[in-house]
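S.K.: Sharing a structure with you now.
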Protein chains: 2
Amino acid sequence: MNPIQPFSDFFEEEINSYTFPITPINLYDPLTYFLSLGGKRIRPLLTLMSAELFNSTKREAIHASMAVEFFHNFSLIHDDIMDKAPLRRGKETVHLKWNDDIAILSGDVLLIKAYQELAKQNAVHIPALLTLFNQTAVEVCEGQQMDMDFESVEQVSISEYIEMIRLKTSVLLGCALEFGAIIANADESDRKHIYSFGQNLGVAFQIQDDILDLYGDPEKFGKQIGGDILSNKKTILLLKAKEAAININSNSIQELLKMTDSENKIATAKQLFEEFGVVSFAKETMREFQRNALESLHRISVPQEQKQTLIALAELLLIREI
Amino acid sequence: MNPIQPFSDFFEEEINSYTFPITPINLYDPLTYFLSLGGKRIRPLLTLMSAELFNSTKREAIHASMAVEFFHNFSLIHDDIMDKAPLRRGKETVHLKWNDDIAILSGDVLLIKAYQELAKQNAVHIPALLTLFNQTAVEVCEGQQMDMDFESVEQVSISEYIEMIRLKTSVLLGCALEFGAIIANADESDRKHIYSFGQNLGVAFQIQDDILDLYGDPEKFGKQIGGDILSNKKTILLLKAKEAAININSNSIQELLKMTDSENKIATAKQLFEEFGVVSFAKETMREFQRNALESLHRISVPQEQKQTLIALAELLLIREI
């Protein structure tokens, strides 16, 4: 049996039985709507799996896992306003279905609801959970700001880019996992390792996402291929290609960015990225973070066979097409 | 000496020595800017005064008082976006000086920073502080949503209006005061009374604000007189006048709302509000909340003379012009 299924089943049942207050309708309806759109629920599963890894139970970690999922959805609702995104998981975004004001305020209340879930955990764990959650939440906001800033900046280095994705998406995976460790009273060193596993996994996943956007199987990837390059998005591929082009005084990438014919632009990008060794660079960088993730997991002081569920999840996330 | 001064001095020194991180600049500059605009800092002073009332110290309550001030400023930054307000404390609002996206995200991080301050309090108090803060924060959002909803609703009852101001502004005063009580290990009954003092004080203050908008001394009030009626804002005065007009089948208030000449509109409003007994109704309602506030304060099980600072603050807030 799929080792992830029991965790998914447990979490889905819990989140489906959670209800927001009825009124004010314009505050809570958007949240009921948005959370019903589903998604992979990777983050809360990490919390539940980590709790079990350290010999606690899913039940004991349920509120912390809800907090993580609520926080993630809060950040999506607000990010969608900033990105002017029309769709999320194939459905209308909150700011489009209602309006910006409602998306701001219902996002705010969802962030607070995340803290409310956290406060339902055993009181002895609350100070540690709260401190980690605060730190993580601040970092996610910093990552989102960096991402927005990058749009209007000419030069972004690879390390700045990796720092941005670390903050914007990876620290929350680390936090979700460390939550389980805190609840299970794991020691400081194991807490660090499980956090590091999540953070490295997150960076690897984001780099993979950049690669798949151009090289993935459209059916398996579930998105339009080449969307990033068509919008000149600063992915690790484009940033590395820019660096390479500058080094050899080529203006090929500048020309690429000006292209408007979609099919031609995607084909040219693929050709240039191969030429500049950008794809193998990105894959190698991704594998480095993947190795670091597994190394951190390996170091955790519980029997290796107990780690199979998390290894299965890492494989599910990372070995898709590459 | 003014009994409030030592609290103000203490808090100003603390908040002035607080610094946000430097980068990302677009995330933190707006916060440094907004918090430097000052304001009366009523809410954090309530926390500090309450801590002393129950025989703790200002120092022991400082982080909780910062949390309250940060939360209040977070709500102002986001409300200003929703209200499209150009000015706050005579200076440009964040969404105007920067943009909406930056105002959303820096508001978000300020809310998280409030929780970060809370997490700095003694661990034994954190679960209780967190639970109260979450409840209050949710209610403030609910109040803001009700306020926005009221704009497009024909009929708003007086009790709905009072419920809205209770949530939007008064519960935070109750929370600020109860924070001090929690930190000072006050008992459950005293916690309830000090919360009730703050909540009733808050409602009385908001009703007074409605009255002063039309009847205040422009110099002392510090705002343009009649702003509410010029924008047809549903204050307690207008809502009560509408009720009275409907009862006697008069369309005078409907006519008032259509008027466009400012001077004439303000004069007509004053005349109609007197005629309908609206002003005395509002003053009596305000005094009722004021009495309830002082009654709650009276019931607290500490010597009456220790309550003088809070009484002085209540007098400062409430006996301005009426």
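S.K.: Just the C-alpha atoms of segment A:166-208: what Rg/Rh do they give, with Rh taken as the Kirkwood radius?
M.R.: 1.02
S.K.: Can you give me the P(r) profile for the protein assembly as shown? Cα pairs, bins 10 angstrom wide beginning at 0, each as a whole percent.
M.R.: Answer for the protein assembly as shown: a P(r) of 3, 14, 23, 23, 17, 10, 7, 2, 0 percent.
S.K.: Apply the Karplus curve 6.51 cos²θ - 1.76 cosθ + 1.60, θ = phi - 60°, to the phi angles in segment A:87-99 and return the couplings in whole Hz, x for Gly and Pro.
M.R.: 10, 9, 6, x, 10, 4, 6, 4, 5, 8, 5, 10, 7
S.K.: Mind checking which of A:A51, B:S106, B:S250 is farthest towards the positive end of the protein assembly as shown's charge dipole, using Cβ charges of +1 (Lys, Arg) and -1 (Asp, Glu) about the Cα centre?
M.R.: Of the listed residues, the answer is A:A51.
S.K.: Could you check the spin-label model distance between B:E163 and B:T57? Points 7 Å from the Cα along Cα→Cβ, value in nm.
M.R.: My value for the distance between the label points is 4.5 nm.
S.K.: Between A:T32 and A:M259, what is the label-to-label distance in nm when each label sits 7 Å out along the Cα-to-Cβ direction?
M.R.: Going by the 7 Å Cα→Cβ label model, 4.9 nm.
S.K.: Based on the Cβ-Cβ distance from A:K91 to A:S301, what FRET efficiency comes out when R0 is 51 Å, to the nearest 0.05? Kindly include the intermediate steps, with their values, before the conclusion.
M.R.: Values: r = 43 Å, r/R0 = 0.85.
For A:K91 and A:S301, the calculated efficiency is 0.70.
S.K.: Among the aspartates and glutamates, which have Cα under 14 Å from the Cα of A:K220 when same-chain residues fewer than 8 positions away are ignored?
M.R.: Straight-distance partners of A:K220: A:D209, A:E321.
S.K.: Then there is this: What's the FRET efficiency of B:A267 with B:I25 using the Cβ-Cβ distance as r and R₀ = 41 Å, to the nearest 0.05?
M.R.: Result of the calculation: an efficiency of 0.25.
S.K.: Would you kindly compute the Cα radius of gyration of segment B:1-87 and its largest Cα-Cα separation (Dmax), both in Å?
M.R.: According to the Cα coordinates of segment B:1-87, Rg and Dmax are 14.4, 43 Å.
S.K.: If you put +1 on each Lys and Arg Cβ and -1 on each Asp and Glu Cβ, how big is the dipole of the protein assembly as shown around its Cα centre, in Debye rounded to 20?
M.R.: For this selection, approximately 460 debye.
S.K.: Residue by residue through segment B:284-294, which ³J(HN,Hα) values in whole Hz follow from phi under the Karplus form 6.51 cos²θ - 1.76 cosθ + 1.60 (θ = phi - 60°), with glycine and proline marked x?
M.R.: Calculated HN-Hα couplings, in order: 5, 4, 4, 5, 5, 5, 4, 4, 4, 4, 5 Hz.
S.K.: In µm²/s, what is D for segment A:187-322 at 10 °C and 1.306 mPa s, where D = kT/(6 pi eta Rh) by Stokes-Einstein and Rh is the Kirkwood radius from Cα pairs? Don't jump to the answer; show the numbers that get you there.
M.R.: Working: Rh = 16.4 Å.
After rounding, the answer is 97 µm²/s.
S.K.: What size of dipole, in debye to the nearest 20, comes out for chain A about its Cα centre when the only charges are +1 on Lys and Arg C-beta atoms and -1 on Asp and Glu C-beta atoms?
M.R.: Values: 31 positive and 46 negative charges, 75 e Å.
With only Lys, Arg, Asp and Glu charged at Cβ, the dipole is about 360 debye.
S.K.: What translational diffusion coefficient, in µm²/s and rounded to a whole number, does the Stokes-Einstein relation yield for chain B at 20 °C and a viscosity of 1.002 mPa s, taking the hydrodynamic radius as the Kirkwood radius over Cα pairs?
M.R.: Rounded to a whole number, D works out at 103 µm²/s.
S.K.: With each run of n ≥ 4 DSSP H residues scored as -39500 (n - 2.57), what mean residue ellipticity at 222 nm is computed for chain B after dividing by its residue count and rounding to the nearest 500 deg cm²/dmol? Walk me through the numbers on the way to the answer.
M.R.: Numbers: 17 runs with 229 residues, N = 322.
Using -39500 (n - 2.57) per qualifying helix, the result is -22500 deg cm²/dmol.
S.K.: What does the charge dipole of segment A:100-231 about its Cα centre add up to, to the nearest 20 debye, if the Cβ of each Lys and Arg holds +1 and the Cβ of each Asp and Glu holds -1?
M.R.: Dipole about the Cα centre, nearest 20: 620 debye.
S.K.: Next question, about the same structure. Give me the one-decimal nm value for the distance between modelled label points at A:E151 and B:A312, 7 Å along each residue's Cα-to-Cβ direction.
M.R.: 5.1 nm
S.K.: Give a residue-ordered list of calculated ³J(HN,Hα) values for segment B:9-26 (Karplus: 6.51 cos²θ - 1.76 cosθ + 1.60, θ = phi - 60°; whole Hz; x for Gly, Pro).
M.R.: 4, 4, 5, 4, 4, 5, 6, 5, 8, 7, 10, 7, x, 6, 10, x, 3, 6
S.K.: While we're on this one: Within the P(r) computed for segment A:1-186, what percentage of the Cα pairs occupies the region above 22 Å?
M.R.: Values: 8318 of 17205 pairs.
Taking all Cα-Cα pairs of segment A:1-186, the fraction more than 22 Å apart is 48 percent.
A short reminder: the numbers here are calculations on the coordinates, not readings from a lab. Bear in mind that the values here come from a model prediction, so they are computed numbers and not experimental data. For neighbour counting, all protein chains shown are included, and Cβ atoms are generated from backbone atoms with ideal geometry for every residue, glycine included.
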